[in-house]
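The values are calculated or read from the model by the stated rules, or taken from the named source; none is laboratory data. No experiment lies behind these values; they were computed from the predicted model shown. Neighbour counts run over all protein chains shown; Cβ positions are idealised from the backbone, glycine included.
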Amino acid sequence: MSRVYNFSAGPAALPEAVLERARNEMLDYAGVGMSVMEMSHRSAAFIDIASRAETDLRELLAIPDDYKVLFLQGGATAQFAAVPLNLCAADSAAAYVDSGYWSGKAIAEAGRFCRATVAASSKDSGHTSVPPRSEWSLPKDASYLHITPNETIGGVAYDGIPEVDGLQLVADYSSSILAAPLDVSRFGVIYAGAQKNIGPAGLTLVIVRGDLLGRARKDTPASLDWTIAAEADSMYNTPPTFAWYLAGLVFRWLKDLGGLEAMAEINRRKAATLYGAIDASNFYASPVAKANRSWMNVPFTLADPALDKSFLDEAETRGLTNLKGHRSVGGMRASLYNAVSQEAVDALVAFMHDFERKHA
Ligand SMILES: *Cc1c(COP(=O)(O)O)cnc(C)c1O
């Protein structure tokens, strides 16, 4: 068996220890005589898996007791619709900060359900930074303010959680949740698709403060209604059981590693290694404003874009894979999610040095 260094933006690398454990439990989970995939979600064994995952996640993120944690399907994209449906009347306003591709998707979807207004945008500068807080205009009557703390495609991240003048803050944390400690109490709602930093695709986490439940519009589909999900312990219909189980294994892996402080230290060092290599060279460049550089997704360009294909091909022969930038921005992108090791980043940087020496 040989495993590559996988820099995929998502679905992304998972911790090897988690995959090994899942393999060991694949045919017979804990003596039950079947795989987790084959179990009823109402069985004692699965209820135990589900509640342990929630307990571990609550511990990792220090989620206050008045918040509900939901394990849903539909990806972050379903939550783009669920957020306005659960929080905003059809004739009411919701405010969005546009910091890139995924903000844009969230805004477009919200516009189908409420008056979605853009409080600030970095579009004019090509989404290479987060719009400065001093330039935001926040409508007082907005039902909530939505931000995307880490733009996965642009590699643009918030430098801290913004002050929002008493508005309910809603955040799409799909690509940076669990990368570092997070003050959940600053948010009304946090949501995240699993396939970047949590587990396999198919599971979506929603963390919602209890007092925000019970407000969904009458025409909200039951499958998108957080209150219905909360009352049913995320089992109103069949949840993504195997993805939930794997997420639980990832949470335990994070706890064993020392929690999110320890994870953040590892992530900080990985990012410093790669940005350091980019900045030290005239051959590679980062398009992102320094204060907003993401730890999780690192886009970079080569001095001569005609070399892009050779870069990707040669990287592939060294076992470094999924480095092609998103089709909308071009260049390269290395995603350094929690499961990507320092060793992987060191191998990438060593390759980048060799490639530069050969082609510069
Ligand atoms: C990947 C991603 C999405 C889309 O997630 P799906 O699960 O495919 O719906 C949305 N927002 C961000 C920030 C992402 O990284």
Screening Phe242, Phe187 for residues that are within 14 Å of Lys68 (Cα to Cα) and assigned by TED's automatic domain parsing to the domain that holds Asp165 leaves only Phe187
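Among the residues of the stretch 1-40, count how many are assigned to a helix (DSSP H, G or I) and either of a type in the set (S, T, N, Q) or more than 24 Å from the chain's Cα centre (by Cα) (or both).
Selection size over the stretch 1-40: 5.
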Counting only residues that are touching a helix residue (DSSP H, G or I) at 6+ places or on another chain (Cβ under 9 Å) and under 20 Å from Leu19 (Cβ atoms), the stretch 180-204 contains a total of 10
So, first residue in contact (Cβ under 8 Å) with a residue 40 or more places away in the chain in the stretch 186-209, second residue of a type in the set (Ser, Thr, Tyr) and within 8 Å of the ligand (Cβ to nearest atom), Cβ within less than 6 Å, six or more apart or across chains; the pairs are Ala192/Tyr173; Ala192/Ser174; Gly193/Ser174; Gly193/Thr204; Lys196/Ser174; Lys196/Ser175
Within the stretch 139-153, residues assigned to a loop (DSSP other than H, G, I, E, B) and out of contact with any Gly (no Cβ under 9 Å at 6 or more places or on another chain) come out as Pro139, Asp141, Ala142, Ser143, Pro149
If we keep only residues of the stretch 141-178 that are of a type in the set (A, V, I, L, M, F, W, C) and within 9 Å of the chain's Cα centre (by Cα), then the residue farthest from the ligand (Cβ to nearest atom) is Leu178
Scanning the stretch 196-226 residue by residue, the ones that are of a type in the set (Lys, Arg) and within 15 Å of the ligand (Cβ to nearest atom) total 1
Per the filter on the stretch 320-346, residues assigned to a loop (DSSP other than H, G, I, E, B), at pLDDT 95 or above and β-branched (Val, Ile, Thr) are Val340
Note on Ser129: of the conditions (1) under 20 Å from the mean Cα position of the chain (by Cα); (2) within 16 Å of the ligand (Cβ to nearest atom), unmet is (2)
Checklist entry - Does any residue of the stretch 43-58 turn out to be hydroxyl-bearing (Ser, Thr, Tyr), without any contact (Cβ under 8 Å) to a residue 40 or more places away in the chain, away from the ligand (no atom under 15 Å from the Cβ) and not in a loop (DSSP other than H, G, I, E, B)? => result yes
Residues of the stretch 163-185 being in contact (Cβ under 8 Å) with a residue 40 or more places away in the chain and under 18 Å from Trp136 (Cα atoms), in sequence order, are Leu167, Gln168, Val170
In the stretch 44-93, anything surrounded by 22 or more Cβ atoms within 10 Å (Cβ to Cβ) and touching a Pro at 6+ places or on another chain (Cβ under 6 Å) is listed as Phe71
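To keep it simple, each residue is scored yes or no on (1) closer than 28 Å to Gly259 by Cα; (2) touching a strand residue (DSSP E or B) at 6+ places or on another chain (Cβ under 9 Å).
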{"position": "Leu274", "(1), (2)": "yes, yes"}
{"position": "Ile278", "(1), (2)": "no, yes"}
{"position": "Pro287", "(1), (2)": "no, yes"}
{"position": "Asn297", "(1), (2)": "yes, yes"}
{"position": "Phe300", "(1), (2)": "no, yes"}
{"position": "Pro305", "(1), (2)": "no, no"}
{"position": "Phe311", "(1), (2)": "no, yes"}
{"position": "Arg318", "(1), (2)": "no, yes"}
{"position": "Val329", "(1), (2)": "no, yes"}
Quick count over the stretch 82-104, residues being away from the ligand (no atom under 11 Å from the Cβ) and part of a helix (DSSP H, G or I), is 6
For the stretch 109-132 the number of residues that are in contact (Cβ under 8 Å) with a residue 24 or more places away in the chain and either buried (at least 24 other Cβ atoms within 10 Å of the Cβ) or of a type in the set (Gly, Ala, Ser) (or both) is 9
